[in-house]
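What follows is a single structure, written as structure tokens, with notes after it.
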Amino acid sequence: MPTAEPSSTELPSAALVPPAVRGIAEGYAFTGPALDLGAVLLDGTAYPAAQVRVPLGVLNRHGLVAGATGTGKTKTLQLIAEQLSAQGVPVFLADIKGDVSGIAAPGAPSGRTTARAAEVGQSWSAQGCPVDFFSLGGQGAGIPMRATVTSFGPLLLAKVLDLNETQESSLGLVFHYADKRGLELYDLKDLTAVITFLASPEGKEELKGIGGLSAATAGVILRSLTMLENEGAGAFFGEPEFDTAELLRTAADGRGVVSVLELPAVQDRPRLFSTFLMWLLADLYQELPEVGDLDKPKLVFFFDEAHLLFKGASKSFLEAITQTVRLIRSKGVGIFFVTQTPKDVPADVLAQLGNRVQHALRAFTPDDAKALKATVSTFPKSPAYDLGEVLTSLGTGEAVVTVLSEKGAPTPVAATRLRAPQSLMGPVEPAALQAAVDGSELTARYRDAIDRESAYEKLAARAARPQAAPVAEPAPGQPPAEEPAPEPRREREREKGKEKEEGGGLLGSLLSNPAVKSFARSAGTQLGREISRSLFGTSRRRR
């Protein structure tokens, strides 16, 4: 059993470090830049001469922070995030409970903090990070983050609406039709208008060549959209759409900006915010160039409450997540999934997570014991620890760690007493948070919603047009009159005429279009949407 912790005056010297601890420490003696996690812990004693670290260059190999409620996962996120920021790496954090906002303010010195710093060999000083606060659609404090329905894509939206695979397929057909017809899906009323039209007799005629949308399926999707809007989620979809490149900024002093998405106001809609976070990743994946392995990542993304993302997900959705996690590493982006047990994460995704920080687990029930055994089996063998016993006896702020070395090999398993964050361990005052939002350069760019002409207005205008008069029969001996061209054909002919006048073909037409110029980041043109939907069906935007 673990022994009592030594006081700050009884800390073991380097000469007294046991051989087992020295062997573990040698596995963390990296030569390049690294983040300091804490000191090796053995039999209840922390050895500050034996530091546990993670190389900065391997953080794009992703990671997992797991542990039971109250074991210190949030403080571990804060510790890693503030060190990344100090080394010039931008960070994205989802603040679900509202207690991460303190990363913007210097921490408060205390006897407890001083003691922890002495135990782990930390030179502690209070320091906050450069932070931008965001909110989903402006619900709660923060700069509004929005996405258009068309860029969100059918797979992600099907997850939010809790559709089955048949309904998901039908939703994909709706998106395909809207793309093909140039019906922009910016907000939920646009999508509702298109589905309603396609369920009408006129719409069914237009779908004959590419499939059909049954009345029952249309009804299910429309009811789900109504429920989503009644929950206030309509504000999340629309313009101006958030440009995920904003997450890659650094401050004037070279530190990485920490983007904190404040989510307490939408805690009752976990499926929505977890899926929205996946949209951010999917958009980054599509927009960023391939860079391979860098000296430090371009961005590290913390995906809190990760189990919400995978719960009830369709097979196609899980496949898309797995592919995104596997491939986004080469774009210079690292992802840390944060959840209670590793079994919350599908095996194919878990296999991509090279860095592990496992806080304490509880084994009060047979299911708990099974989860504990499964967790132990995912770690490398350790001659120094009985991991089953260690994982159930760790205190708050302690964890079992294994990361990838600079050569890409797993480090020895190390029970670790973690360092204390240097920023405030708790929420900032609401007034300070609001002041940070008001002072951000991004607030003016994203604060006010925009509602421009899109599918809803176009279909309403189409329905309001008078019906064409019947064509008169030609007199005997006269050639039949030319039938009026269908509206889509007329529109295509007008577009061809514009292309000839402007001399640039389709590209010239796009570049001269004021809407494309003014909203170059949005879902844009029919062609742009159709050729770029991939993985989650998200659309590539022209920046």
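The values are calculated or read from the model by the stated rules, or taken from the named source; none is laboratory data. It should be emphasised that the depicted structure is a prediction, and the values quoted were computed from it without experimental measurement. In this analysis, Cβ positions are derived from the backbone assuming ideal geometry, glycine residues included, and neighbour counts consider all displayed protein chains. Accessible surface is based on the protein model in full, side chains and every heavy atom, while ligands, DNA and RNA are left aside. Shrake-Rupley method; radii C 1.70, N 1.55, O 1.52, S 1.80 Å.
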**Prompt:** Using a 1.4 Å probe on the protein chains only, how many percent of the accessible area of segment 72-184 belongs to carbon and sulfur?
**Reply:** 49 percent
**Asked** Given R₀ = 30 Å, FRET efficiency for LEU222-LEU318 by Cβ-Cβ distance, to 0.05?
**Response** 0.70
**Message:** How much length would be gained if the chain were fully extended between THR365 and ALA444, taking 0.36 nm per residue of separation minus their Cα-Cα distance, in nm to one decimal?
**Reply:** 23.2 nm
**Computed accessible area, ARG445, all protein chains, 1.4 angstrom probe, square angstrom** = 120 Å²
**Asked** Points 7 angstrom from Cα along the Cβ direction at ALA464 and ALA251: gap in nanometres?
**Response** 5.1 nm
**Request:** At a Cα cut-off below 29 Å, give the lysines reachable from LYS180, other chains included and same-chain residues fewer than 8 away excluded.
**Result:** LYS159, LYS189, LYS204, LYS208, LYS315, LYS458, LYS496, LYS498, LYS500, LYS517
**Request:** Find the centroid of the Cα atoms in segment 258-299 and in segment 89-110, then give the distance between the two in whole Å.
**Result:** 17 Å
**Prompt:** In nm, to one decimal, how far is the SER377 label point from the LYS343 one, both placed 7 Å along Cα→Cβ?
**Reply:** 1.0 nm
**Request:** Please work out the C-alpha center-to-center distance from segment 134-158 to segment 23-52 and express it in whole Å.
**Result:** 41 Å
**Message:** Just to verify a number: FRET efficiency for ASP43 and ALA115, C-beta to C-beta distance, R0 = 30 Å, to 0.05?
**Reply:** 0.95
**Request:** Starting from the Cα of LYS296, draw a straight line to each of the lysines and keep only those under 21 Å, dropping any in the same chain fewer than 8 residues away.
**Result:** LYS331, LYS407
**Request:** Set Lys and Arg Cβ to +1 and Asp and Glu Cβ to -1, take the dipole of segment 205-262 about its Cα centre, and tell me which of SER214, LEU261, THR244 lies farthest positive.
**Result:** SER214
**Prompt:** For segment 287-360, with only Lys/Arg (+1) and Asp/Glu (-1) charged at the beta-carbon, what is the dipole magnitude about the Cα centre, in debye rounded to 20?
**Reply:** 120 debye
**Prompt:** For ILE96, what charge total do you get from the other residues with a beta carbon under 12 Å from its beta carbon, if Lys and Arg give +1 and Asp and Glu give -1?
**Reply:** -3
**Message:** Using the Cα centre of segment 281-365 as origin and beta-carbon charges of +1 (Lys, Arg) and -1 (Asp, Glu), tell me which of GLN323, LEU299, PHE336 is placed farthest towards the positive end of the dipole.
**Reply:** PHE336
**Request:** For ALA50, enumerate residues with amide H under 5 Å from its amide H, sequence gap 5+ or separate chain, H modeled in the peptide plane.
**Result:** VAL40
**Prompt:** Per residue, what accessible area does segment 319-420 have, given a 1.4 Å probe and all protein chains present, in Å²?
**Reply:** 41 Å²
**Complete:** Taking a ≥ b ≥ c as the square roots of the Cα gyration tensor eigenvalues, with a/c under 1.5 meaning rounded and otherwise prolate when a/b beats b/c or oblate if not, segment 195-345 comes out prolate
